[in-house]
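Visitor: One structure follows; several queries about it will come next.
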Amino acid sequence: MSLAPPPTVPNGKSVERQLDSQSNVAQQTMETPSIGGVTSKPCIHCGLPTMVAADSDPAEPVFCCSGCHGAYGLIQGWGLDEYYALRDQLTVTGAALAASDQKNYQQFDTPEFLGESSPKTTADGLECVELGVHGIHCAACTWLIERALLHQVGMQAARVKLSDHTLKLIYDPKQTKLSGIARFLDRLGYQLLPLDRSRENHLRQENRRMLIQIAIAGFFAANAMWIAVALYAGQFSGLAAEHKYLFELVGMGLGSAAVFGPGRTFLRGAIASIKTRTPHMDLPIGLALFVGAVIGTWNAIRGAGDVYFDGLSSLVFLLLIGRWIQFRQQHQAAQSVELMMRVTPRHANLIAEDGTETSVMVDRLNQGDHIRVGAGECVPADGVIIEGISRLNRSLLTGESLPVAVNPGDCIEAGTVNVGSPLVLKVSATGKNSRIGQIMQSVEAAATEKTPIVQLADRIGGIFVVVVVFLAFLTFAIWLPQSLQQATSFATAMLIVACPCALAMATPLAIAVGIGRAAKAQILVRDGSALQHLSKPGMLWIDKTGTLTEGSQHAQLVWGTPHALMLAAAVESQCQHPIAQAIVKASEIHSSYMAAIKESYRPSAVDVSVVPGGVIGIVDGCVVQVGNAALLATKGIRIPDSALELASTLARNGSTPIYVAVNQEAVALLGLSDPIRPQAAALVQSAKQLGWTVGMLSGDLSEIATRVGSEVGIARDMCRGGVSPEDKLATVKQSRDQFPTVVMIGDGANDAAALAASDVGIAVRGGAEVSLHAAPVYLANSQLTNIARLLKGSVTTTRVIYFNFAVSLAYNLVAVGLAITGNISPLLAAIIMPLSSVTVLGLTFAIPSFSSRSTEKVA
Amino acid sequence: MSVLFIALPAALLLGGSALVACIYCIRQGQYDDLESPPIRILIDDEDIVQNPSEPAKS
């Protein structure tokens, strides 16, 4: 392994020097109107704002210090680049959690806090506990946690379950405490959480039940099969009648046990289907199983005719496997959502009537209880504020990254983070009844809901029953003139071989596998039909702000001194506008530089007022005005020509010019821009390659929209600027007439209407709540390249569906043809039927969809 | 060939005991997590037990 070349910004001293020369450049730009100066970029490793020259290559990584550069080099050298993407997708919730759980480790030693996941004492005095872990990304985390914990004194065993992010610990309570373990893991970057098991237990029980059914069915199938092999062999080499009878009776026992034991789900489904008169795939399957079992039993007992028990039991076995795979894949999507939602705390500070506070489990809270939510804590339950004024970060629910102010009387939801001062809440709903709980339920309900194509398969199942019964009668009628016995035999064979088991598996399985694979790539697909829509190229509308671009304003000092910027920031720091935040952020970078040369200088503003076009305030006795050219004009402030020239250059480059005036004199010019995401152009290109027409809808000015469009490769006439949310909705609806599929990619919050109106809405940003309500697809890590992956994956999935359909129908047609002509033997039936199911199973898994960049390789 | 009358039930009994063992394993939760074990096998065991308080584990 070799380290990367020496750091570009080696240490503090030279940073100063470098910055000094750069700010000189900024000051000199009065004479040379070119956009130079300094700008800030986050350090690629730790995220600290770092000064770089504005004209440096934007793709070049920036480091705040040589330590970060070294760490970055190590990570790159080990081929662990994925780390940064994984880290970034979880930083928000991770940081919120870390803040809310700080110094609360002692709680891990109290059973009230742990609730259901309290440690259980084993026979030899050790304690065993299972806890949720936040921050696990991949196999490497498993390795790190298990290895690191085993070095702790008193730790007997540590096991991480990657599938549901839980950790099982066995430790000696005399030597170590859970609080110590929690603190230790927090230092490694993982937070322990008590678990809410009720829902998970349900899934786990269901999973185990299905596995047991499969095991039983497998036992019956395997034994029925070898008995059948003996019978078939006996047909050729002779078999004593008594032995044949024994085999047939044992086969009968095993076969009917398989059909009426593990296979009864299909019989039950068939009965339900008859009762409710809704066609269902279970109906033809149940019919085949039942008829086969009854006729087979009859034949076995009277010792004449064919028995089909081997075929029937292997059918049950394979169908159950198919169902289990569907179950697992469907819950993978729901589980991914749940892992995101696990951030809601499991404990709350209950305020008793006498004013004392106790930490209790959220489940124990009742409506009307008063709870305290400290600063930096996550709100544990829905409720109404009765005391305190604060700001809330509601990004988990709405995707709005700016904190919103809340006052007494406001309703707040579980899962939001209190970033201001402590609040007292009156609880209105907890757990499943809270808003976040309801979202979880709706996502899970949607995951188990049947997609249109599965419904289509079910309808085909209904038709199938009619056709199969008709064909069975036809076969009976054809062969009746020969002999009654032969006619019955062939008609039975007909009923059994026409069982559309492969057909029943083909579509749901392909969709479930597709959704499951997508969920692994952080693409949450709520609705399987989205995959079908996405496979037919049509119109792809992309929102600009926040989708193609970063969505947040970045301020850059173009002309003027850092001092002017600090004054501007002092005024703006009292506003909540995104522009104000960008200016404050820009000044923070400068102030760290200022602090390095002289003692900390932090001006504060008084008399701040927001006026049209800007903000005015008084800092250190000087009147400071920050705003656009129009504001300065109304105040009668002259802008130097050189600055005007710079401003027009800025506007041409898509930035918004903002002036700073001190005591009626323009002293600085700031450029505000929203950088384009690096993957935007790649997304547009790959979508075009797949045959999509790509367009852009933006609420921004047409000029800016066109410029961004040309940079990412969207045709000029497809860039619509200055579009209101209503216009977006209208455009999407209009294009539905022209294109078979209309897809809208946008922000879960602002574009909700357009997302819902399109055939498939893809939400790339914004909280899970709105996004999943409005759009069937949600990108959990907002990586644009995942959209291209989704488009390709849908094409493959749909191809797999049709292929499966064709294969299973072909099998059935051949089998039916053979049965009508009386050429089917039980042996042939036993081979053809499982073979078709196995083919479908194999094909679905063999054809790669959503091919991943193999993150597992790292392990 | 009358040995079949003993061999066949014996075979079923053997198979049945395997089934019971399998169901026991499922109930114990050995099949709950199918994601970590295939990865865990790639992680090397440590050569020596470095923690003195931890007697050698099997």
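Visitor: Residue check, A:Ile597 against (1) in contact with an Asp or Glu (Cβ under 7 Å, 6 or more places away or on another chain); (2) at pLDDT below 70; (3) buried (at least 16 other Cβ atoms within 10 Å of the Cβ), all met but one. Which one?
Guide: Result: A:Ile597 passes all but (3).
Visitor: Follow-up. A:Leu203: part of a helix (DSSP H, G or I) and either within 14 Å of chain B (Cβ to nearest Cβ) or crowded, with 20+ Cβ neighbours inside 10 Å (or both), yes or no?
Guide: Answer is yes for this residue.
Visitor: In segment A:154-198, which strands (runs of 3 or more DSSP E) lie fully inside it and hold 1 or more residues that are of a type in the set (A, V, I, L, M, F, W, C) and facing chain B (nearest Cβ under 10 Å)?
Guide: Of the strands (runs of 3 or more DSSP E) lying wholly inside segment A:154-198, those with at least 1 residues that are of a type in the set (A, V, I, L, M, F, W, C) and facing chain B (nearest Cβ under 10 Å) span A:155-161.
Visitor: Can you tell me which residue within segment A:358-377, out of those that are of a type in the set (D, E, K, R) and modelled with pLDDT under 80, is surrounded by the most Cβ atoms within 10 Å (Cβ to Cβ)?
Guide: For segment A:358-377, the residue satisfying everything is A:Glu377.
Visitor: Any idea which of (1) within 12 Å of chain B (Cβ to nearest Cβ); (2) within 24 Å of the chain's Cα centre (by Cα); (3) modelled with pLDDT under 80 is the one A:Arg147 doesn't satisfy?
Guide: Condition (2) is where A:Arg147 drops out.
Visitor: Could you grab me the full set of residues in segment B:1-31 that are within 24 Å of A:Asn201 (Cα to Cα) and more than 8 Å from chain A (Cβ to nearest Cβ)?
Guide: Within segment B:1-31, B:Val20, B:Ala21, B:Tyr24, B:Cys25, B:Gln28, B:Gln30 meet the criteria.
Visitor: At pLDDT 80 or above and loosely packed, with under 15 Cβ neighbours inside 10 Å: is that true of A:Arg209 in this structure?
Guide: The answer is yes for A:Arg209.
Visitor: Which count do you get for residues in segment A:260-286 that are polar (S, T, N, Q) and surrounded by 16 or more Cβ atoms within 10 Å (Cβ to Cβ)?
Guide: The total comes to 2.
Visitor: For segment A:206-318, give me every one of the helices (runs of 4 or more DSSP H) that falls completely inside it and has 2 or more residues that are within 14 Å of chain B (Cβ to nearest Cβ) and over 22 Å from A:Ala457 (Cβ atoms).
Guide: Output list reads A:241-260.
Visitor: Please find, among A:Leu471, A:Leu495, A:Leu524, A:Leu503, the residue that is buried (at least 17 other Cβ atoms within 10 Å of the Cβ) and part of a strand (DSSP E or B).
Guide: A:Leu524
The values are calculated or read from the model by the stated rules, or taken from the named source; none is laboratory data. Everything quoted here is computed from the prediction, not taken from an experiment. Positions of Cβ are generated from backbone atoms using ideal geometry, with glycine treated the same way; all protein chains shown enter the neighbour counts.
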